[in-house]
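Okay, so here's the structure we're looking at.
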Amino acid sequence: RLEKNLRYVLNELVRGAYALGGAGKHDEAIAQYTRLLQMHPRYANGYSYRAYSRSKKGELALAEDDYLRAIELDPNNVQSYRGLDHVLLQQKRLDEILDHWGRYLKRHPNDSTALFERSGTYYRKGEIERAKRDISRACRLGKKQACETQKRYFP
């Protein structure tokens, strides 16, 4: 019963914080996520959600720290990697993005989202053959967006 109540409280805090962030109230959202993490410090998604709000405010170093903590707690959540990718891309840290995707893809070699995202980083670096390889594989794995991108950039 206690666990069920905790889950309910956490879900309510997440919903409230998400609504605040959606309304552009990122400071309030961050405060709410921080309260949530004080109650449940191993809640990986809480770090990822707070990181997103921090990145919207331009707090890239803090966002990066939160995404890395989320990944440490749940190394299988592709959305945390996508968020980290976005934060690092804003700083043009392409090699680090590739390192993170490489580690993720070692555990999940058939994750079409990860392959799609990594292909974009390869493309930005000018590594076109690697970009083609990843986008093609993501398409074969069924990612519609990858197939559309492949047709547009690699006909």
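The values are calculated or read from the model by the stated rules, or taken from the named source; none is laboratory data. Everything numeric in this text was worked out from a predicted model, so none of it was measured. In this analysis, Cβ positions are derived from the backbone assuming ideal geometry, glycine residues included, and neighbour counts consider all displayed protein chains. When the accessible area is computed, the model is the full protein with side chains, heavy atoms only, and any ligands, DNA or RNA have been set aside. Shrake-Rupley method; radii C 1.70, N 1.55, O 1.52, S 1.80 Å.
With respect to Gly83, is the statement that it is modelled with pLDDT under 95 and in a helix (DSSP H, G or I) true?
no
Just to check your reading of the model, which residue among Ala114, Ala131 is touching a residue at least 12 places away in the same chain (Cβ under 8 Å), hydrophobic (A, V, I, L, M, F, W, C) and farther than 23 Å from Arg69 by Cα?
Values: Ala114 fails: farther than 23 Å from Arg69 by Cα.
When all the criteria are applied, what remains is Ala131.
Rundown of residues vs (1) charged (D, E, K, R); (2) in contact with a Cys (Cβ under 8 Å, 6 or more places away or on another chain); (3) more than 21 Å from Gln90 (Cβ to Cβ), yes/no style:
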{"position": "Arg1", "(1), (2), (3)": "yes, no, yes"}
{"position": "Arg15", "(1), (2), (3)": "yes, no, yes"}
{"position": "Ile30", "(1), (2), (3)": "no, no, no"}
{"position": "Pro41", "(1), (2), (3)": "no, no, yes"}
{"position": "Gly46", "(1), (2), (3)": "no, no, yes"}
{"position": "Ser55", "(1), (2), (3)": "no, no, no"}
{"position": "Ala63", "(1), (2), (3)": "no, no, no"}
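Just name the residue that is farthest from Tyr67 (Cα to Cα) out of those in the range 1-51 that are among the acidic types (Asp, Glu) and surrounded by fewer than 16 Cβ atoms within 10 Å (Cβ to Cβ).
Initially, the range 1-51 is screened for residues among the acidic types (Asp, Glu), giving 3, 12, 27-28.
Then drop every residue that is not surrounded by fewer than 16 Cβ atoms within 10 Å (Cβ to Cβ), which leaves 3, 12, 27.
Working: Glu3: 26, Glu12: 22, Asp27: 18 Å.
Going through the qualifying residues, I end up with Glu3.
Between Arg124, Arg103, which is of a type in the set (Lys, Arg), closer than 30 Å to Leu37 by Cβ and either assigned to a helix (DSSP H, G or I) or in contact (Cβ under 8 Å) with a residue 24 or more places away in the chain (or both)?
Testing whether each residue is of a type in the set (Lys, Arg), closer than 30 Å to Leu37 by Cβ and either assigned to a helix (DSSP H, G or I) or in contact (Cβ under 8 Å) with a residue 24 or more places away in the chain (or both) leaves just Arg103.
Taking Leu115, is it in a helix (DSSP H, G or I) and open to solvent by 30 Å² or more (accessible area, probe 1.4 Å)?
On the way: in a helix (DSSP H, G or I): yes; open to solvent by 30 Å² or more (accessible area, probe 1.4 Å): no.
The answer is no for Leu115.
Please go through the range 52-69 and pick out each residue that is in a helix (DSSP H, G or I), among the small types (Gly, Ala, Ser) and open to solvent by 30 Å² or more (accessible area, probe 1.4 Å).
Selection gives Ala61 alone.
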